[in-house]
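Structure record follows, encoded as structure tokens.
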Amino acid sequence: MDKIRQVIEKQFETNRVVFWYDEFREFLLDFESLDIGNIRKIRVENNEFGLKHKILIEEPNIKFLLYFTDSRPPIEDNWLADLLLANSEVHIDQASITLSDLELGREFIDLIHQHEFFFKSAKRTADLKKLLSGDDTLNRINWKMLAVCCSSDTRWDEVIMNLLSEVATDKAEKYELVCKSSLDVFLWEQIKKLLGYVNPNPSIKDFYIELFNSAYYSALGEKVTLNNEAIYLLKRFKDHNRHRKAFRILSEQCSEWLNIEQELLKRELKELLEPDYFELIELKVLSDLALSIFNGTYNLIDVEKLIRQRMLSHWYEDYLHEYSALESASNLLAIIRNTDLKLHSFEEGLDKYQSHWYKLDYHYRKFIYHSTKAKQPNLLNSIYEEIENHYLNKYLFPLSTAWSAQIKQIKQYRSISTPLQSSFWQRQIVPYLETGKKIFVIISDALRYEIASELLSLIRQEDRYEADLCATLGMLPSYTQLGMAALLPHKTIGIAEDESGNVLIDGMSSMGSENRTKILHKYTDGKALLLKADEALSKTSEESKKLYRDYDVIYILQNRIDAMGDDRESETKVFEAVETAQGEIIEIMRKLTSGNANNIIITSDHGFLYQHRQLEESDFVSEADISGNVLYRDRRFILGKELNTKSALMHFRSEQLACEGNMEVLLPLANQRLRLKGSGSRYVHGGASLQEIVVPLIKVNKKRTSDVDFVSVEFLSGSGRIISTGQLIVNLYQKEPVSDKMQPITLKIGIYTIADELISEERTIPFDYVSENPREREFQCSLILSTKAEKANNQSVILKLEKPIPGTNRYQVYKTESYTLRRSFTSDFDF
């Protein structure tokens, strides 16, 4: 009854007289019980003439509902024809009620009848009503009905993507509702028109198999059955966060059904730079790239270019570690091929390591780290062996051998260019104290020089932070007790002549935080503070300001790297600890500067040697070759008195090493180890290798103004500004190389109408080229047009680059170029 009343009341909004013909008397009782306020109800039974006089003459301001129990007569036989033509007829049946409820005209009555099942649901009808607008065509309404069935947006591509997502979960509720609602015929007709899919017995499964098949072979430049819009649809489906999981499920299924693994065997690496519809493509690219690096057929530039192209792949983030490992491998091999490890002096070794050789340790570390994190480590097996062989046999062993020869010749362990670590307090701290400035020192145990070089870059990438890196000559032996002691103020420093390995400062033990604090207080009148990293990180800005206010020197000790490496059970994870340590140091730095710290020094007690491959017997010094009064031993040194060796171990006395006392030191040559029960052997320190004794020193200052910017990107325009095919090839150029203060930028690119409607695929491109060569900072991408482009034919369109708005998910216009779209669409779309 409520529905009938609403339908009738709706008619009276614009009419004074409403006719209701009920030929089969279905609604007689409803009419008789109907109460609609001030509207006069009249049942018409051969009283037309008097009724007409009443309506027009007697009561011209009253609204009338005229009810007939027969069908509407022809106009020429209808006594009330003029009133009917001047007013309105109400149709009371379920279809008409539904039509009225949707506020649709009678021209859509067949729609209600054709899709009766759809409109049986009040919820579906209500949901459809929310989507309707006054200018809807029959075609649009059908799409909106599909959207309701599929619980999707009203865009045709969203409807199809929702159906694809459903089938990926082995469900068919949405598609079954489409079929029950008799919308399936319309759906497949539209898919045929839009995407070129033709099948006498269409199905969602067959459709998406053909979709993947066409997209793959289209990317390879081969002829396919579906059109560009279909390829564009799959790209959107692939890149849509909401459909990501479904895409992967369907991709895996189609990969098997289309026999992609066998198909890829006949493809060259260069053919596969763009397609990313199957995960097997990524595995094939990685496998072939690793082989190409191993065989030397891809140089570093080739590798970097390929990886950049694959960065746009759907699967890239899944295999980020594999790609990073291969890039590091390529760098390492390229540097080794161009590195001369000959040494003519002690000073030359220090200088060359700081300027060049450390990069080999850096790339080895990065390769091992990413290899151990790789999703498919077996892909890297061949290149892993190559890297280990090159790093150990063509770099680490020959360098450490040549370096040992130089150290053996020196009478006093000193350097002209690199200050001894024990001068740290006098050279680095005293100048701040003399000028009344507060100084913060972060000491990261085992932060070797190559790690510090990366940390330097990370710090400089921080806005308003400036930093410089230099080196000090680490103490020998390069172990924690001596290295930590060298960073403290002292007049004398020496190794205790007992079995403890303890180091004495001015005759006082320097072992442990309590003793180190006493030494600091002695030289600063109590104005020094020593904290552990966790303690510094736990402070708020206000707590930090209050705590540091009363101190001139603040030492902060971090032990992430050495703690991991010194444990036999965890030493293979030491490079993971490096990543953690770097992030933590930057966080400490931020904490300190938020607490008004302006001057920060980051340094270490020693470096280390590490090889991921298990050591061989020849890598160890024979115990039988050592004799004398051995007081203390570690994996890379021996302390004692009257020490002798049959091997060519290096032998030093305390005074040669800038230490007090009568202790003697034995150090293995090259990168050899001493056996130590219960200890690991891959990670070691204590010896005299460059990796152990070139100790980094980073000075950090906080600036008042911002000093970080982003690289700029330009269009490299072609000769014409006309789009005449189904896609546009765009050439982009990154003007500056990425550096610490010139950071990379990620931009979105797409083609838009003047009304700002996207008419092409949209791609996200990172610009992070570091090359100084301008030609190596160019990037080419293609944009496939969508069906929406047809409406903009023979009009101006906009090629738009957009950049992200920091702190949001939004983008703003970065650069634009105008084009004219002038092409025939009949080849793409069957309209």
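The values are calculated or read from the model by the stated rules, or taken from the named source; none is laboratory data. All values derive from a computational prediction rather than experimental measurement. Methodologically, a virtual Cβ is constructed for each residue, glycine included, from the backbone with ideal geometry; neighbour enumeration extends over all protein chains shown. Each accessible area value is taken on the protein alone, full model and side chains, heavy atoms only, with ligands, DNA and RNA left out. Shrake-Rupley method; radii C 1.70, N 1.55, O 1.52, S 1.80 Å.
Out of everything in the stretch 327-352 that is charged (D, E, K, R) and outside any helix (DSSP H, G or I), what residue ends up being nearest to Q309 (Cα to Cα)?
Ranking the qualifying residues of the stretch 327-352, first place goes to D340.
Quick check on G680: is it in contact with a strand residue (DSSP E or B) (Cβ under 9 Å, 6 or more places away or on another chain), outside any strand (DSSP E or B) and open to solvent by less than 10 Å² (accessible area, probe 1.4 Å)?
no
If the requirement is being modelled with pLDDT of 95 or more, open to solvent by less than 40 Å² (accessible area, probe 1.4 Å) and more than 30 Å from E103 (Cα to Cα), which of these qualifies: V167, V148, V159, V178?
Residue meeting the stated conditions: V167.
When you go through (1) open to solvent by 50 Å² or more (accessible area, probe 1.4 Å); (2) at pLDDT 95 or above one by one for T540, which number turns out not to apply?
(2)
Looking at H606, H612, which one is modelled with pLDDT of 95 or more, surrounded by 21 or more Cβ atoms within 10 Å (Cβ to Cβ), of a type outside the set (K, R) and out of contact with any strand residue (DSSP E or B) (no Cβ under 8 Å at 6 or more places or on another chain)?
Going through H606, H612 in turn, the sole match is H612.
Report, ordered by the first and then the second residue, all pairs with beta carbons closer than 9 Å, sequence separation of six or more or different chains, a first member in the stretch 389-408 that is farther than 15 Å from A334 by Cα, and a second member that is open to solvent by 60 Å² or more (accessible area, probe 1.4 Å).
Within 9 Å, the pairs are A402/K342; Q406/H344; K408/H651.
Starting from the stretch 655-670, keep only residues that are among the polar types (S, T, N, Q), then list their pairs with residues that are open to solvent by 30 Å² or more (accessible area, probe 1.4 Å) whose Cβ atoms are within a distance under 6 Å, requiring at least 6 positions of separation or different chains.
Q656/Q412
Looking at the stretch 747-756 only, could you name the residues that are surrounded by 14 or more Cβ atoms within 10 Å (Cβ to Cβ), without any contact (Cβ under 8 Å) to a residue 60 or more places away in the chain and not aliphatic (A, V, I, L, M)?
Correct list: G750, Y752, T753.
Keeping to the stretch 61-83, report how many residues are part of a loop (DSSP other than H, G, I, E, B), in contact with a Lys or Arg (Cβ under 9 Å, 6 or more places away or on another chain) and open to solvent by less than 70 Å² (accessible area, probe 1.4 Å).
Count: 4.
Of all residues in the stretch 398-425, count the ones that are assigned to a helix (DSSP H, G or I) and within 45 Å of the chain's Cα centre (by Cα).
Counting residues in the stretch 398-425 that are assigned to a helix (DSSP H, G or I) and within 45 Å of the chain's Cα centre (by Cα) gives 12.
Taking the condition among the aliphatic types (A, V, I, L, M), open to solvent by 10 Å² or more (accessible area, probe 1.4 Å) and either within 20 Å of V700 (Cβ to Cβ) or in a helix (DSSP H, G or I) (or both), does L392 pass?
Yes: the conditions hold for L392.
Out of all the residues in the stretch 429-446, which are open to solvent by 20 Å² or more (accessible area, probe 1.4 Å) and of a type in the set (S, T, Y)?
Answer for the stretch 429-446, where residues must be open to solvent by 20 Å² or more (accessible area, probe 1.4 Å) and of a type in the set (S, T, Y): Y432, T435.
Report, ordered by the first and then the second residue, all pairs with beta carbons closer than 7 Å, sequence separation of six or more or different chains, a first member in the stretch 248-276 that is open to solvent by less than 10 Å² (accessible area, probe 1.4 Å), and a second member that is among the basic types (K, R) and in a helix (DSSP H, G or I).
L264/K284; L272/K284
For the stretch 6-23, enumerate the residues that are farther than 26 Å from E58 by Cβ and either among the charged types (D, E, K, R) or loosely packed, with under 10 Cβ neighbours inside 10 Å (or both).
Across the stretch 6-23, the qualifying residues are K10, E23.
For the stretch 517-537, give me the residue count where each residue is open to solvent by less than 90 Å² (accessible area, probe 1.4 Å) and more than 19 Å from M484 (Cβ to Cβ).
Residues that pass the stated criteria total 3.
Tell me, which strands (runs of 3 or more DSSP E) lie completely within the stretch 541-644 with 3 or more residues that are within 41 Å of the chain's Cα centre (by Cα) and closer than 27 Å to Y362 by Cβ?
The qualifying strands (runs of 3 or more DSSP E) are 553-558, 599-603.
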